[in-house]
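Throughout, read-outs are computed from the coordinates displayed, never taken from laboratory work. All values reported here derive from a predicted model rather than from experimental measurement. Reconstructed Cβ throughout: ideal geometry from the backbone, glycine too, with neighbour counts over all protein chains shown.
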Amino acid sequence: MTDISIGRHALRASLLRRNGAKHPHPAMLLRFLQVLATLAVFARAAAPQIKLGRTTLTGRDLTGLKVDFFGGIPYAEPPLGNLRLRPPVLKTTLDVDTLDASNFGKGCLQPTTSATEFSEDCLTINVFRPSGISSNAKLPIELTHSAKLFWTYGGGFQTGESSLFNGSLIVAQSVARGTPLIYVNYNYRLGPLGFPQGREAAQRGELNLALRDQLAALEWVQANIGTFGGDKEKVTVFGESAGAVMTAVLFMNSPLEKLARAAILESGSPATASEFNSTRRQIDWENFVAAVPSCSSLARTDNTFDCLREKANSTEMLSGVNNAISQAPEEFAFDPTVDGPGGLLPVLPSNILEHGTFAKLPFIAGTNLDEGTIFIPQTTISEADLRAALIFNLTPPLVPEANLQFTVDRILELYPDDPVVGSPFNTGNDTFGMPGFKRAAAIFGDHAFQSQRRVWSQAAARFGVKTFGYYFTQPQPTNPPFFGVSHASELDFVYGVPPTTSDNAVQLSRMMVDYWVSFATSLDPNDGKGTQRPLWPQYTTENQVLLQLNGLNMTVIPDTYRKEQIDFINSDPLVWHHRRSLSFARRSKD
């Protein structure tokens, strides 16, 4: 649910702002709001309570679903003042006698928002659990990131909030199938506050702060989930888009193995994001500070952090966030950063995958059929534009000019200007009135998502990690036809709210929830409980197969689609740098 998109360019359409990868499909949001609307109707006089240390938390009882909700619980000290732009300070207990935990907390500061609607004081966590369980029940836990959907707003580790993701139907189905679990989600810092860039951040070691937030939330779960009836030894971390990327990055060099036992990664792999040394994006940090009035005079120095901590208020910080993002030469400039020896991402993921030095946790990883479509401008894209975009996304001066030209020429040869083989796939000669669009969408989808999921699955299998792969191809009649089965289309199904009420969509959603819950509770999607569903084979070196998730054709398929193209993309990680966004470079400010 967060977001991955193309860079800024004169070709960029309003699609980028309208359909960012952080917010859920409107149908999912509507159903979520409907569930919230029932809270007041169904809330009992005796709301559920939890004793967390000396603090009594009062939540909400979703009586119609037999699910308890506790929200807006601080898991870290507010990252304000001297704690701004620092790793989170874990807060496992509270210093108050009572806490109203009946609602979500505010989302973290993000672009085009007000400093009152959203807040820097946002590091809160939420728990959905089956009603009536005791504190010693030891139920498994699924911990989700605020998965940013590319819908409604722009994204890229820059937008999103936990309140958009209601896990109550997942919990309710887990109970109905006899394998009850607890669902947890949380907020993490975004944009320059979550992913500082530039020389000063590197010198101070203040990089990847949002990943540190994620780890702090997992530590809070270890300390407190038993109070809610959960088992801290059975945590499955799952997320979508940026949430999946963040989870996958934690496989690289973090204490993830001590905090979770499994993961589910939807449309995001370790190298899906634009991961560079922070100095590459120095200009983005300067643009951020330049719009913080109290500190703007220091923008081009390497001495900004102290001023930002001591003098700036949240309104000023919001001004900086908006400026940094609007002025960035690429659409999403605040991504996980290569942070060197001892860091969470010490080198490029391709190096770590090659040597097998990643966490050996079981995982599910998958992608959607048409991952690239919502990231491409809805306009004609000439071969010259596409060639310029490809070169913009490669990595000079590390890569010689001859290699750049060879790579671009070969990619354009492998992805010909033929709408029959473009994305959305299986749509024939239809160009949707946008020549070149389907070609660019096919390249972007394979580059950022399909190739990286495949190399991730293959590396895991090679080193003996238990892993399962999926390919979501369920038709999306509520999507514009040029989106196809787009990025984030699976989310409604995972959350139990398919966008249509057709029998095959409803049945697929139930199957997917059962697969996800089965994996979280048994480390195998095939526990035989709940809906009758096809066997999902393990992905191994000898049997590289995916489960096609499609209510009209649930079947196992070989992981060989567009093999020649994807093999080429994966053949030289240095050339591609496996960046997340196929950026159409800004030509001018007009």
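Since only SER297, THR247, SER326 are under comparison, the one whose Cα sits farthest along the positive direction of the charge dipole of the stretch 205-354, derived from C-beta charges on Lys, Arg, Asp and Glu, is THR247. Net charge in the neighbourhood of THR427 (other residues with Cβ under 14 Å of its Cβ; Lys, Arg +1, Asp, Glu -1) is -1. P(r) tail for the stretch 201-249: Cα pairs beyond 12 Å make up 70% of the total. Model label sites at THR431 and LYS563, defined 7 Å from Cα along the beta-carbon direction, differ in position by 3.2 nm. Cα centroids of the stretch 404-456 and the stretch 308-386: how far apart, whole angstrom? Here the answer is 21 Å between Cα centres.
Sequentially through the stretch 206-216, phi angles give Karplus couplings (6.51, -1.76, 1.60; θ = phi - 60°) of 9, 10, 6, 5, 5, 5, 5, 4, 4, 5, 5 Hz, Gly and Pro residues having no value and appearing as x.
Positive end of the dipole of the chain (Cβ unit charges, origin at the Cα centre): among TYR561, PRO416, LEU491, the Cα lying farthest that way belongs to LEU491. Sorted from longest to shortest, the spans of the Cα atoms of the stretch 333-462 along the three principal axes equal 49, 36, 27 Å.
Put simply, the Cα atoms of the stretch 422-474 extend 47, 21, 10 Å along their principal axes, the longest span coming first. With R₀ set to 22 Å, the beta-carbon distance separating ARG86 from LYS311 gives a calculated FRET efficiency near 0.85. Once the stretch 15-576 is represented by equal point scatterers at the alpha-carbon sites, with solvent omitted, what log10 I(q)/I(0) does the Debye formula produce at q = 0.05, 0.06, 0.09, 0.12 Å⁻¹? Listed by q, the Debye log ratios stand at -0.19, -0.28, -0.64, -1.19.
The listed peptides 514-522, 81-89, 325-333, ordered by packing as a protection proxy, come out as 514-522, 325-333, 81-89 (highest mean of other Cβ atoms within 10 Å first). For the stretch 455-557, the dipole from Cβ point charges (+1 on Lys and Arg, -1 on Asp and Glu) about the Cα centre works out to 120 debye, to the nearest 20.
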